[in-house]
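Shown next, in structure tokens, is the structure this report addresses.
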Amino acid sequence: MAATAHHAGVLHESQQTQRPNGPAAVLAIGTANPVNCLRQDEYPDWYFRITNSDHLTTLKNKMKRICEKSGIEKRHFHSTDETIAGHPEFLDRAAPSLDARLRITESAVPELAAASAARAIAEWGRPATDITHLVLATNSIAHAPGADHRVAALLSLRPDVQRTLLCFHGCYGGCSALRVARDLAETSRGARVLVASAEVVTSLSFRAPDEASPEALVAAALFGDGAGAAVVGADPEGSAERAVFYLVAASQATLPGTERALSMRLGSCGYDVGISAEIPALLRGAIEECLVETLAPLGLADTCGHWNGLFWAVHPGGRAILDSCETALALETGNLAASRHVLSEYGNMFGATIFFVLDEIRRRRRQDGGQKEGDMVDCEWGVMVGIGPGITVEMMVLRAASDHDQSSAPPCAAIGTANPANCVPQDEYADWYFRVTNSDHLAKPKAKMKKICETLIDLTVASFISCFNGYNSGIKKRYFHHTADTLRDHPELVDRALPSLDARQAVLAWAVPELAAAAAANALAEWGRPASDVTHLVLATYSGAHMPGADLRLASLLGLRRSAQRTMLYLGGCAAGSAALRVARDVAENNPGARVLVACADLSLVLFRAPGEDDPATLVMQALFGRRHRGRRRRRAPALRDRVGLADGGTRQRERRRWAPRRGRPRVLPLEEDAGFGASPRRGMPAGRGLAARPWRRRRGRLEMFWAVHPGGPAILDGVEAGLALEPEKLAASRRVLREYGNMSGASMIFVLDELRREELDGRSGVMLGLGPGITVETMVLRSAR
Ligand SMILES: CC(C)(COP(=O)(O)OP(=O)(O)OC[C@H]1O[C@@H](n2cnc3c(N)ncnc32)[C@H](O)[C@@H]1OP(=O)(O)O)[C@@H](O)C(=O)NCCC(=O)NCCSC(=O)CC(=O)O
């Protein structure tokens, strides 16, 4: 009893010392755009000329009408005339162009983000190495390690900067990033969060006009490229730091029945964008209710209806979007002046746009006399509004200056896992894989694959030694979504010469959220409270590239409340499960009463490919990765889910706490950026090597700690074990998970935690260690509940 009370006291104390005294605030803002700039009144002529479409006069005239009414004067673009001339496939819908487009954005996104961030850091006035966290939102990449990794390198951020990458949130991504930054800043004393959003979406969506889809002209007329950044932190330091806006409270609402109104899907020809003409009307009908739901719980109900008493930072998605907000809220002319100005100067830059709007409001507040005529930016309270696929309305209440008290309580967690009945034993995998890919004639690769599988079954030397002690991490079996039938129905998944992204996307779009939902349903059942009690959802996945994303579908499948705040972490690789738990911890600790549902869902279909004559990397990848998956009918859904919630006085009795996540921190191992994972399970040692230098190596008592290490492969576990001089039983849970399921990417970590809770941990502390591209080592200190 005494020990329990002591532990609870330590936990509470450590939480108190970790939290800052005041609320998070924006401390500096920076923006950047590509140099290439086109005037909107010249755009139709340019666009139809460069796409060799001048003969489409009806379309061109329509484009002229849209541009005239857009409220846009000019826009910046990353791609130039030369870029387009160098990529004729961008204009030809029959030619796959995604690879070329992504090659452009891969470098352009981090460079643009870094340019805006450098300006924010310069204004902030402290060295970049004082940045403790980086949150980057973008819709313009699909690779790992992601643009966050590159931004950190370009800005020379310190190697233990904690990176969070948000993808496919659409135009509200900038607001989501500020929300995540706020939670980070308010849960870690001294945290200085660099939050950025960079978009070069036009390089992914640019294509020739098509008579069959005149609606595509709207996107072509609205979108521009740019990046915005801010430094967010609590307790500004004396005269060295100055708050610009306090980030008071965040909310997110999804408008029912609008899932198809706004969509973007990354396919072999880049982004397909769908913008319904109904969006302005839909917003007009819903925006006021969203605002009331956001403000009333804060005790700001008296501001409701008096909308002209607030300043407004509304995402300028289009002129009609701003018109509809103005009408719905009866705003005086000029109240959206900052948003209209940004729309006019830059167009719609997706998530980056909101930083430009905040910057513009700040500029207007500073002007002599405080404001322009009719401009309400001088009000003390304000609202930031992001709008994106879903239709999702993400809001943040802003205040010019305020003290903001937070109450805190320890978080709690529950864990559960599930797997499909469909399973391939590892010793049959080589035969199965070559059969379903019609590759039995590739005798040499097949022999090599058998050898790789045997190595993975028979264990590495260190694992072999561990095996004598009963800690065997060879892979016995794995679970897959794709079956022989799937591959027969989709020959492009097998034929390496055929573009296959669209086919994969079609499957992933429904399978990922269904998988996550099945898992989450089990977690909710264990929790014992209704799904509508969940306040936040964090979904980590790298499967599927479309908006609205799997998070929205998941929320709808589970019947989460409309105001549940969704955060989708994308492309985190194998560290994604750990990163999702880190974000969940910050959310839970920073929002009294929050109940965060964390889900991790990936399908190895995203990586599946047929063997080549000389492509050993593919063989290793196929031999190592497995997934939880869901069949349409008979098969049980595979899944893993985890829920982290904040236990408050009223619910502590009813909710069982599993883990208390205490500190989260990712770290990049220097010089390992290209090491990747799966290149060779035998060569997967850098993680272990780099880890040997971590402080806990010298920490006394580390042997008493428990360890939850991502089971990336037998050699990864061997490397960690050797690097930290751990006794073999320390990684037994990770080895068991690897043996039973293979490498399930980010989801593996939750399986490991689930395994660990079967052990007698009784209040002990431990370390969760996720490993992902970068190489990123994501750690969190845990304490097991009794
Ligand atoms: C496109 C507009 C500037 C056009 O201005 P008006 O509506 O005042 O003018 P208008 O009605 O005469 O329309 C001009 C022409 O455009 C056509 N038109 C208008 N909206 C359309 C749409 N969504 N799809 C297809 N066509 C459309 C009209 O039919 C008309 O064609 P014709 O002249 O032949 O009759 C405006 O509607 C606008 O700002 N819409 C909001 C765009 C939007 O939803 N943005 C969100 C982007 S996504 C985002 O921000 C978030 C995210 O993606 O995450």
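Read-outs: derived from the displayed coordinates by stated rules, not from any lab. Computed from a prediction, not measured in an experiment: that's the story for all the values here. As a convention, Cβ positions derive from the backbone with ideal geometry for all residues, glycine included, and neighbour counts pool all protein chains shown.
Under 13 Å from the 7 Å Cα→Cβ point of SER563, by amide nitrogen: which residues of the stretch 517-550? Zone members listed by number: 533-536. Annotation: amide H-H contacts under 5 Å for ILE387 (H modelled 1.01 Å from N, sequence separation of 5 or more, or interchain): TYR172, HIS315, GLU394. When the alpha-carbon atoms of the stretch 509-577 are used, the pair Rg, Dmax equals 11.7, 33 angstrom. The stretch 474-525 and the stretch 98-128 have Cα centres spaced 33 Å apart.
Within a straight-line Cα-Cα reach of under 19 Å, LYS448 can be paired with the following aspartates and glutamates, leaving aside sequence neighbours fewer than 8 residues apart in one chain: ASP427, GLU428, ASP431, ASP440, ASP458, GLU613, ASP614, ASP615. With each label modelled as a point 7 angstrom along the Cα→C-beta vector, the THR17-ALA525 pair spans 4.3 nm. The shape of the stretch 236-378 can be summarised by an equivalent ellipsoid whose semi-axes, obtained from the alpha carbon gyration tensor, come to 27, 20, 17 Å from longest to shortest. Extension gain, VAL292-HIS306: 0.36 nm per intervening residue step, less the Cα-Cα distance, totals 3.9 nm. Computed extension length for LYS74-ALA330: 89.3 nm, one decimal, from 0.36 nm per residue of separation with the Cα-Cα distance subtracted.
Overall, the stretch 43-115 carries a charge dipole of about 460 debye about its Cα centre when +1 sits on the Cβ of Lys and Arg and -1 on the Cβ of Asp and Glu, all other atoms neutral. Here LYS74 is the anchor, and the aspartates and glutamates within straight C-alpha reach of less than 12 Å, apart from those fewer than 8 places off in the same chain, are ASP41, GLU42, ASP225, GLU345. Taking 0.36 nm per residue of sequence separation and removing the Cα-Cα distance, the SER107/ILE50 pair yields an extension gain of 18.1 nm. Within the straight-line cut-off of under 13 Å between alpha carbons, the aspartates and glutamates reachable from LYS730 are GLU704, ASP718, GLU721, GLU755, GLU759, GLU760, sequence neighbours fewer than 8 places apart in one chain being disregarded.
Taking θ as phi - 60° and the Karplus parameters 6.51, -1.76 and 1.60, the scalar couplings of the stretch 22-33 work out to x, x, 6, 9, 6, 9, 6, 9, x, 9, 7, 9 Hz in sequence order, x denoting glycine and proline. Here the calculated FRET efficiency for LYS451 and LEU498, from their Cβ-Cβ distance with R0 = 25 Å, stands at 0.30, rounded to the nearest 0.05. Overall, the stretch 195-335 carries a charge dipole of about 180 debye about its Cα centre when +1 sits on the Cβ of Lys and Arg and -1 on the Cβ of Asp and Glu, all other atoms neutral. With an a/c value of 1.5 or above and a/b larger than b/c for the gyration tensor axes a ≥ b ≥ c computed over the alpha-carbon atoms, the stretch 539-632 is described as prolate. The phi-based Karplus calculation (6.51 cos²θ - 1.76 cosθ + 1.60; θ = phi - 60°) puts the 3J(HN,Hα) values of the stretch 127-137 at x, 4, 6, 7, 6, 9, 9, 10, 10, 10, 10 Hz, whole numbers, x for Gly and Pro. Looking at the stretch 208-272, which chymotrypsin sites (Phe, Trp or Tyr not before Pro) are DSSP coil and have at most 11 other C-beta atoms within 10 Å of their C-beta? In loop regions of the stretch 208-272 (DSSP not H, G, I, E or B), there are no sparsely surrounded chymotrypsin sites (Phe, Trp or Tyr not before Pro). Seen through its C-alpha gyration tensor, with square-root eigenvalues sorted a ≥ b ≥ c, the stretch 34-103 comes out oblate because a/c lies at 1.5 or above while a/b is not bigger than b/c.
According to the calculation over all Cα-Cα pairs in the stretch 714-786, the P(r) per 5 Å bin from zero is 3, 13, 27, 29, 20, 6, 1, 0 %. Any chance you could check the Cα centroid distance between the stretch 131-165 and the stretch 287-356 for me, in angstrom? A separation of 29 Å, based on Cα centres.
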